[in-house]
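Asks: One structure, pasted below without further comment.
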Amino acid sequence: MYPLQTFIHIVGGTMMLMGITSNAFMAAVIAAQWIGSGRFPPPCDLLLIALGMINIPCQCFTGVEHFICYLWTEAYNSDSVLKTFYVLIPMLFTSSFWFNTWLCLFYCIKIVNFSHPLIMRFKLGMHTIVSWSLLSSVLTPLAITVPGIFYLGKSAPENSTTTNNTIVPIVENYNFWHALLMSIVGVLVPLVVIGISVMLILNYLYKHTRQMQQNHTGFTEGPSMDAHTRAAKTILSLMVLYVLFDVALLVALTDASGYVETFKLYIYVCAVTLYPFINSMILIIGSSKLKAAAMNLLCLHQA
């Protein structure tokens, strides 16, 4: 095993453990608070719980795929295992993307003062809408990715499992329209919604700050403005993370009919193992409640 491969193994394993821990922490802290109160969590907390719960299997399956790919290549090359990973992992990541998208949309509607009747009705029925949105964010990617089972297949010569385990066979017989549909639902639409949410929030905060300064009211800073600014930073960070993840996958998967080159494989491994962990850290830092709980936990360990 080459030093670079060993390094990738260490990074992948470390990120898997850290990602599972951080996402479990995020979901557990919020769930414990509302279980203790006996009330149904508000939409924002419900979205954070759902994100933590969906990122855990994302982290687990990508870690398992990575280690099976390198350490048990013969099993990984089997048709059933390849189909499982190439269908299940995109489904989980697409659901995670949409959970993030709904969170960004929720922040946008909560911060920006919309006067349209449809938006006002959306605010009043937020609990019901978020619940159905979470359900649809799981069922829709599942319905889109499952058909891949019927046409995906491996492309590898017989000696690929013994001569060079750094080269990973990828699927063949891609259906263009199915891949296009997955790209639109899992990449394009969430990115557009998050981008619009970021622009609306930044525009609102800019206008609000200028108005306060012109009126000399002195209320450009305060708990409400701090919360809005923190939410804007969180959404902007999620958009940057999402763009970087998509670019990394695009680079890694440019060759869809032969073998993934070694450096592209490393890019893919880094992208899928880092995303759930960084996603949870952005959400923890962006939430005053989660950040305080994390600081208290660290202080207890240091003491």
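The values are calculated or read from the model by the stated rules, or taken from the named source; none is laboratory data. The structure displayed is predicted, hence computed values, not measured ones. Reconstructed Cβ throughout: ideal geometry from the backbone, glycine too, with neighbour counts over all protein chains shown. Heavy atoms of the whole protein, side chains included, go into the accessibility calculation; ligands, DNA and RNA do not. Shrake-Rupley method; radii C 1.70, N 1.55, O 1.52, S 1.80 Å.
Asks: With a cut-off of at least 2 residues that are in contact with a Leu (Cβ under 6 Å, 6 or more places away or on another chain), name the helices (runs of 4 or more DSSP H) lying wholly within region 60-132.
Replies: Correct list: 79-111.
Asks: While we're looking at this one, here's another question. So residue 36 passes all but one of these: (1) touching a helix residue (DSSP H, G or I) at 6+ places or on another chain (Cβ under 9 Å); (2) in a helix (DSSP H, G or I). Which condition number does it fail?
Replies: Failing condition for residue 36: (1).
Asks: Among the residues of region 174-187, is any of a type outside the set (A, V, I, L, M), over 17 Å from residue 86 (Cα atoms) and either modelled with pLDDT under 85 or surrounded by 12 or more Cβ atoms within 10 Å (Cβ to Cβ) (or both)?
Replies: Within region 174-187, not a single residue is of a type outside the set (A, V, I, L, M), over 17 Å from residue 86 (Cα atoms) and either modelled with pLDDT under 85 or surrounded by 12 or more Cβ atoms within 10 Å (Cβ to Cβ) (or both).
Asks: Go through (1) touching a Phe, Trp or Tyr at 6+ places or on another chain (Cβ under 9 Å); (2) surrounded by fewer than 19 Cβ atoms within 10 Å (Cβ to Cβ); (3) at pLDDT below 75; (4) not basic (Lys, Arg) and name the single condition residue 68 misses.
Replies: (3)
Asks: Considering only residues that are of a type in the set (Ser, Thr, Tyr) and farther than 18 Å from residue 276 by Cα, look in region 1-55 and name the one that is modelled with the lowest pLDDT. Before the answer, list the steps.
Replies: Of region 1-55, the ones of a type in the set (Ser, Thr, Tyr) are 2, 6, 14, 21-22, 37.
Right, trim to farther than 18 Å from residue 276 by Cα and you get 2, 6, 37.
On the way: 2: 62, 6: 72, 37: 74.
Only one residue tops the list, namely 2.
Asks: List every residue pair whose Cβ atoms sit under 8 Å apart, with the two residues 6 or more apart in sequence or on different chains, where the first one lies in region 273-290 and is β-branched (Val, Ile, Thr) and the second, anywhere, is part of a helix (DSSP H, G or I) and open to solvent by 60 Å² or more (accessible area, probe 1.4 Å).
Replies: Listed by first residue and then by second, the contacts come to 284/291; 285/291.
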